[in-house]
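A.B. asks: My questions all concern the structure below.
Any read-out appearing in this document is the output of simple, stated calculations on the displayed coordinates, not a laboratory observation. Predicted model only: the values in this text are computed from it and were never measured. Don't worry about glycine lacking a Cβ; one is built from the backbone with ideal geometry, like all the others, and counts go over all protein chains shown.
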Amino acid sequence: MCLAVPGTITQILDGYAQVDYGGVSKQASTRLFKDAKVGDRVLVHAGFIIQILDKDYGYELEKLIGETMGFTNADEV
Amino acid sequence: MQMRYRIEDIKKRINELAGGMEQITVMEVCGTHTANIHKYGIQELLPDNIRLVSGPGCPVCVTDHKDIAAALSLVDQENVVFACFGDMMRVPCGDRSLYSLYESGKDVRVVTSAMDALQIARDNPDRQTVYFGIGFETTAPQTAALIEAADECGIRNLSVLSAHKTMPQAIRQLLGNGSGIDALMCPGHVATIIGAEAFDFVADELKLPAAVAGFEAYDIMAALLCILNMLKNGELKCVNMYPRAVTRHGNKEALSLLYKVFEPCDAVWRGLGEIGGSGLGIKSQYKYFDAMHRFDIRPADIKEAAGCICASILCGKSMPTDCVNFGRGCTPDRPLGPCMVSAEGSCAAYYKL
């Protein structure tokens, strides 16, 4: 039930965003994230946008993993 | 995106960290984690001394018999359209379920969003639409949005049966003392709403390392790596390993709406019993939309199916394969207990994957 799907907003009208999921487009409510705007990469759960996804996520997660790995250079892995 | 570290690298590091450790049990409390851990074969990637167990994270599984019985009683009412997520349809309650009532001709409709119930109410002005609100902090704000919209639009033929619950109180009760659990993988999308900081208590009060985890194989392995690293170094923190979707303080707009409509109340969890302040009751100013207030129902007192150990499985004390009914009398096609119903239930995940 906590499954959420990432998509990209293509249009916003009357409290609903049109979200593109790689070719499939569906409406999602912006009530839980009113600042969402066209072009945002968002996380949609059961018809509601619940978060704007961080575009630098790869870097952040890698940094966290790197700290845990104890390495600072991928070559050391 | 191409990641710098491969899953193979993370697996190797986990194996290095686990070497020399005692048996470690990590609990997750999210149905989607349960399903994806099985789907991606995560347990098979881990060394033998690292065990993953599922806690009370599947909303369908933790919904108490009395709440299911109340739902069935509401469907029995004259002139009611009952709307719910598909996961709830086949949860058995005695010899009945929402699906069996649907098959018998009752108007039970599967929705994929709470807001679908608003449209059903609009389309059926002469009938009462009842929406079954289940789930944790991820879904509860959506039910709040439904009630707010019904109130603002003057839709009076809609009400909500709320079985919503909040996660922190259940974790406190379950992992408080002598649980045998060594660390917690925190639910990523609950944390999207309530923020990573809401799980700090796991480290601060319960003295267990914790990591907020996403749902891809990579996310889950990264969270496990983080947890093992903390166990190895004796660190007690809750680390946000799902930074692309979880912030420190969560989604304030969703939280604000949630507590505009709901207030904490005591709630009964299957397997855990009653936990003070772990439920979400509809506030008095929105009482009009509370189905338990609008309808005079007396749900039947239904007992668990004989031999069903869902309650023990939900506490991480038993594995699905410990149940005498598993795969025999209880299968996804003919479930006896709730953990076999939803794809996110432990038993269904074990059975299918």
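A.B. asks: Running Debye on the protein assembly as shown with equal point scatterers at the Cα sites and no solvent, what base-10 log of I(q)/I(0) appears at q = 0.08, 0.11 Å⁻¹?
C.D. replies: Results for the protein assembly as shown at q = 0.08, 0.11 Å⁻¹ read -0.44, -0.83.
A.B. asks: Taking other Cβ within 10 Å of each residue's Cβ, how do B:His38, B:His249, A:His45, B:His164 sort, fewest first?
C.D. replies: Taking fewest neighbouring Cβ atoms as first place, the list is B:His249, B:His38, A:His45, B:His164.
A.B. asks: So what is the 222 nm mean residue ellipticity for the protein assembly as shown from helices alone, if each DSSP H run of at least 4 adds -39500 (n - 2.57) and you divide by all residues, rounding to the nearest 500 deg cm²/dmol?
C.D. replies: Result for the protein assembly as shown: -9500 deg cm²/dmol, rounded to the nearest 500.
A.B. asks: Would you mind classifying the range B:17-107 by shape? Square roots of the alpha carbon gyration tensor eigenvalues, ordered a ≥ b ≥ c; an a/c under 1.5 is rounded, otherwise it is prolate if a/b is larger than b/c and oblate if not.
C.D. replies: Prolate is the answer for the range B:17-107, as a/c is 1.5 or above and a/b outweighs b/c.
A.B. asks: Report the one residue of B:Pro47, B:Ser97, B:Leu74 whose Cα lies farthest in the direction of the positive end of the charge dipole of the range B:23-111 (charges on C-beta: Lys and Arg +1, Asp and Glu -1; origin at the Cα centre).
C.D. replies: Farthest towards the positive pole: B:Pro47.
A.B. asks: Under a plain spin-label model, where a point goes 7 Å from the Cα along Cα-to-Cβ, how far apart in nm are B:Arg127 and A:Val38?
C.D. replies: 3.9 nm
A.B. asks: Also, I was wondering about something else. Among B:Asp126, B:Asp290, B:Asp266, which one moves the most in a GNM of chain B with springs linking Cα atoms closer than 10 Å?
C.D. replies: Result for chain B, Cα springs under 10 Å: B:Asp126 fluctuates most.
A.B. asks: In percent, what relative contact order does chain B have, based on Cα pairs under 8 Å that are 6 or more apart in sequence?
C.D. replies: Result for chain B is 23 percent.
A.B. asks: Find the relative contact order for the range B:310-352 and round it to a whole percent, using C-alpha pairs within less than 8 Å whose residues are 6+ positions apart.
C.D. replies: It rounds to 31 percent for the range B:310-352.
A.B. asks: Given charges of +1 on the Cβ of Lys and Arg and -1 on the Cβ of Asp and Glu, with all other atoms neutral, how large is the dipole of chain B about its Cα centre, in debye to the nearest 20?
C.D. replies: 360 debye
A.B. asks: Next question, about the same structure. Evaluate the charge dipole of the range A:5-71 about its Cα centre and quote only its size in Debye, nearest 20, assuming +1 on the Cβ of each Lys and Arg and -1 on the Cβ of each Asp and Glu.
C.D. replies: With only Lys, Arg, Asp and Glu charged at Cβ, the dipole is about 260 debye.
A.B. asks: Among B:Phe136, B:Phe85, what is the fewest-to-most ranking by other Cβ atoms within 10 Å?
C.D. replies: Neighbour counts put them in this order, fewest first: B:Phe85, B:Phe136.
A.B. asks: When chain B is modelled as a GNM with alpha-carbon springs shorter than 10 Å, which of B:Pro56, B:Pro168, B:Pro187 fluctuates the most?
C.D. replies: B:Pro168
A.B. asks: Under 5 Å between amide hydrogens, which residues at least 5 positions from B:Val239 or on another chain qualify, with H placed 1.01 Å from N in the peptide plane?
C.D. replies: Those qualifying (amide H under 5 Å, at least 5 residues apart or on another chain) are B:Ala210, B:Ala211, B:Val212.
A.B. asks: Bin width 10 Å, origin at 0, all Cα-Cα pairs of the range A:5-71: what percent of pairs per bin?
C.D. replies: Going out from 0 Å in 10 Å bins, the range A:5-71 shows 22, 44, 18, 13, 3 percent.
A.B. asks: Can I ask one more? From the phi angles alone, apply the Karplus equation (6.51, -1.76, 1.60; θ = phi - 60°) to the range B:243-251 and give each ³J(HN,Hα) in whole Hz, x where the residue is Gly or Pro.
C.D. replies: x, 6, 10, 10, 9, 4, 9, x, 9
A.B. asks: Treating only the Cβ atoms of Lys and Arg (+1) and Asp and Glu (-1) as charged, compute the dipole magnitude of the range B:204-265 about its Cα centre; round to the nearest 20 debye.
C.D. replies: That gives the range B:204-265 a dipole magnitude of about 120 debye.
A.B. asks: For the range B:121-264, just the Cα atoms, rotate onto the principal axes and tell me the three extents in Å, largest first.
C.D. replies: 63, 32, 24
A.B. asks: Over the range B:310-352, consider all pairs of different Cα atoms and compute the Kirkwood hydrodynamic radius from their mean reciprocal separation; express it in Å, one decimal.
C.D. replies: That comes to 9.8 Å for the range B:310-352.
A.B. asks: Taking the convex hull of the alpha carbon atoms in chain B, what volume per residue do you get, in Å³?
C.D. replies: 139 Å³
A.B. asks: Mind scanning B:Lys106/B:Lys287; B:Lys165/B:Lys287; B:Lys39/B:Lys232; B:Lys66/B:Lys165; B:Lys66/B:Lys207; A:Lys37/B:Lys287 and naming the pairs with a C-alpha gap bigger than 22 Å?
C.D. replies: The answer is B:Lys106/B:Lys287; B:Lys39/B:Lys232; B:Lys66/B:Lys207; A:Lys37/B:Lys287.
A.B. asks: Here's something else I'd like to know. For the range A:5-71, what's the relative contact order in percent, using C-alpha pairs closer than 8 Å and at least 6 residues apart?
C.D. replies: Averaging sequence separation for qualifying contacts and normalising by length gives 26 percent for the range A:5-71.
A.B. asks: How would B:Lys12, B:Lys252 line up from fewest to most surrounding beta-carbon atoms within 10 angstrom?
C.D. replies: The order, fewest Cβ neighbours first, is B:Lys252, B:Lys12.
A.B. asks: In whole Hz and in residue order, list the ³J(HN,Hα) couplings for the range B:32-42 that follow from phi through the Karplus curve 6.51 cos²θ - 1.76 cosθ + 1.60, θ = phi - 60°; x for Gly and Pro.
C.D. replies: Rounded to whole hertz, the list is 6, 5, 3, 5, 6, 4, 6, 4, 8, x, 4.
A.B. asks: Once phi is turned into ³J(HN,Hα) by the Karplus curve 6.51 cos²θ - 1.76 cosθ + 1.60 with θ = phi - 60°, what whole-Hz value does each residue of the range B:119-129 show in order, with x for glycine and proline?
C.D. replies: Rounded to whole hertz, the list is 5, 4, 5, 4, 6, 10, x, 8, 10, 9, 9.
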